[in-house]
Amino acid sequence: MTLGHEPGRPGHHLKPVGHPTGNRDMSVQPGAHADEDDSIDLHEYWRILLKRRALVLSVWASVVVVALMATVLMLPEYRATATLQINPDGNRILAYDDFEASKSGAQSMQQFLTTQHGILASRSLAEAVVRNHGVSDHPELAGELRQRSVTAELRGVARLLLALVRPGDSQADAPQPGVQGDAEERKIQTATNRLRSRIEVQPERNSQLVRVSFTSFDPELSARMANAVVREYMEGTMQRRYDAGSEARRFLQDQLQAMRIALERSDWELADFARQVRVSDLAANQEMAREGLRSLNESLDNVRKERVQLAGWRELAQRGRLDHLDPVVNSPTIAELQKRLLDASTEYAVLSERFLDDYPTVVEVLRRMELLRAEIAAERQRIAEGILGRFETLRAQEAALEQAIAEREERIMALNEQAVQFNILRREHETNRELYDGLLQRMKEIGVAAGVQESNVAVIDAARVPGGAFRPVLTKNLAIASMLGLMFGIGLALLLEFLDRTVRHADDIERLVDLPVMGLVPLAIDHDKATALQQRPASRNPLSHCSARRPDSAVSESFRSLRTSLMFSTPEGMPRTVLVTSTLQGEGKSTTTVNLATVIAHNGARVLLIDADLRRPVLHRDFAVPRAPGLTNAIAQFEQGTAMDRSLIRATDIEGLSVMAAGHATPKPTELLSSNRLSQVIAECRERFDHVIIDAPPILGIADAVALSRMVEGVIVVVAAGQTGKENFRGAVRRLQQVQAPLLGVVLNRVDLKSPDYAYCSSGYYGYQEASATPETSETPKLPVSKVS
């Protein structure tokens, strides 16, 4: 079948290749097409389901039959329902909002209703119903009456057989007089568990209504138990409210007594501490101490400022630079003396112009000037000594102030420590006082609310005896079983398809090795096999001669399509020498080789078919010719230097087709097939015939096919659909690519045309032509086997 481009099935076109001996990129690219389309292909899933429809239908039918049997075996069950209204508890004995974080009203309401739903389905409520209504001996609750099912029946049979095999166990299970009470208690617990398992609580959405249902085989028992559960719940709610009030009262009395003692103790501790520290007003003492500390700090700051100023003057005085001292510069006494000195100097200057220095008046002026200078120096010295004395005085005052401040700070720290202890005792006293007053108030509230006890549960609808069975519902069970069976069947089909690691489609081949699919060979039909077995000797393979015996069949047409693909596989046309191999044995390579050679011979060409599978040769059996002499003998003749004997090639009953058998067995077939002599044999056969088709051994496991692949112009790999593993196929092609074999493409053999994978083929031309064929046209006259001259 020629695989041209078809809509909806990408990748089935033939890819032109270069010259067989040229360099071509033959690397295997497993992910070459994997990322082309990541979308979900619904058609692919539909194809899988159609292919495995028998499995899907079997699983579906099995599940439906099991559901039908289980439904028929089940006892009818009845459900009675009572409706309650549950209001939140408004009379709260303890104001929990004082101690817990506040919550929204909707959240607290939901928590309250959820709690009540849990109480309705609790074990204690179910046990109260069993004890108060005496239903522990009821057959249904005691376990004597159970729901029938396939698994339960099988378990019952197993227990019966176990009782027959071990009869001593039934006697050991008989109640003993000493354990009568324990047996009764176990019976109550068993009835409680069974009753609880049949209670169903269903709250109404966005309301305070709750539906309490009970399911039983007895309709009267279902109504009775539903009402009993509601009654016990209401009585239990009232009892819990009363118990909560009594418990709270006792708790508050105990806490009130303890708090009174704690309050008295805190009073005495506070008074003792005040007496111990001898203070009447600790806060006033702290304020006075802080005020004195502030005054001392201010005085210390003033002293330090003045001392810093005197320190500079003291430095100038020690250097003898008294004229630069501010007190000297600003002294009025020195200023007066300097003025008088200036006047005396002026007078001296006037007199010295007229008189000599020994003149009495001049002498008097000079003496007065000396006295003034001495007074100025004395005044400066006095001011400097005053500065030094004042500096020392300020230093002493600073040290005294620092000492006083340190003492005052220690006093304040001591007062603070006393204040901390005093505040702790005072807060404890105040807290005890508040708690005592609060507990006393709660105690009074309890006394007022003790007589106001009302139920927050109301029965809206009491349970009535149901008029019909609640379950089983045959239609519902069958519908659910049909859906589950269909889901399980589809899931199993997809799982098996996912776990299938064999090559099944042409797309698989192109994704794995990026090689063209040259042809699809359909799976042979059973009546073709039977007819062929009747018309052929038992030693021949009927499928190998399908193209010769039934030229109008789908198998023959597929090989003619393969012949056409070979014509366009290279730019030069059909290769003269072609090697046909497969991944492993049993994939149909020999059958493909014979049929391919047959259809090429039908086209008028001279074709030689060589059996190069020296380990498992089959062509001599298919054509009923001797195995020897053959290929090994031809190689041996070239080794001896003689020409190849023409008797090694035998004609067949197909016009234009000759065959060369494998020849005698050899212990080293790989060395023989990889020798240059085989190349000479193939070259001579190529000169005598138009085409040479070689049946080679499988690729994996042995090196024969790899060695032969370098001696031909083209290599075809045969893959059996649904049999050849993907990893094996990829490894086989990789081995050929490693030696740069001239790979032409792949032939997908044993394709089931009835499968949904190839529905486009089975509904086409092949079916029409095969149906219109007549027995007369499908027979081919047999020609006697002769030797090529």
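In table form, for the structure just shown:
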| item | result |
| --- | --- |
| Scattering curve values for region 624-692, log₁₀ I(q)/I(0), Debye with Cα scatterers, q = 0.15, 0.25, 0.26 Å⁻¹ | -0.47, -1.23, -1.30 |
| Residues ILE261 and ALA400, FRET efficiency given R0 of 51 Å [Cβ-Cβ distance, rounded to 0.05] | 0.40 |
| Two-site FRET efficiency, ASN132 against ARG471, from Cβ-Cβ distance with R₀ of 22 Å, rounded to 0.05 | 0.15 |
| Over 14 Å [Cα-Cα, region 452-508], rounded percent | 78 percent |
| Per-selection Rg to Rh, region 698-739 - Cα, Kirkwood hydrodynamic radius | 0.96 |
| Net lengthening on full extension, SER679/TYR45 (0.36 nm per residue, minus Cα-Cα) | 223.3 nm |
| Protein-only accessible surface order, largest first, of MET483, MET660 at 1.4 Å | MET483, MET660 |
| Region 311-369 - convex hull of the alpha-carbon atoms, volume per residue in Å³ | 93 Å³ |
| Volume per residue that the Cα convex hull of region 396-519 spans, once the total is divided by residue count, Å³ | 467 Å³ |
| ARG340/ARG382 FRET efficiency (R0 30 Å; Cβ-Cβ; nearest 0.05) | 0.95 |
| Sorted largest first, extent of region 350-461 alpha carbons per principal axis (Å) | 149, 33, 21 |
| When the convex hull of its Cα atoms is projected in every direction, mean area for region 544-688 (nm²) | 9.0 nm² |
| With all protein chains modelled, accessible area of ARG186 [1.4 Å, Å²] | 140 Å² |
| Shape category assigned to region 178-255 from the gyration tensor of Cα positions, a/c cut at 1.5 | oblate |
| Euclidean distance of C-alpha centroids, region 351-388 and region 215-271, integer Å | 115 Å |
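The values are calculated or read from the model by the stated rules, or taken from the named source; none is laboratory data. On a predicted model such as this, the values are computed, not experimentally measured, just so you know. Methodologically, a virtual Cβ is constructed for each residue, glycine included, from the backbone with ideal geometry; neighbour enumeration extends over all protein chains shown. To get the accessible areas, we keep the full protein, side chains included, count just its heavy atoms, and leave off ligands, DNA and RNA. Shrake-Rupley method; radii C 1.70, N 1.55, O 1.52, S 1.80 Å.
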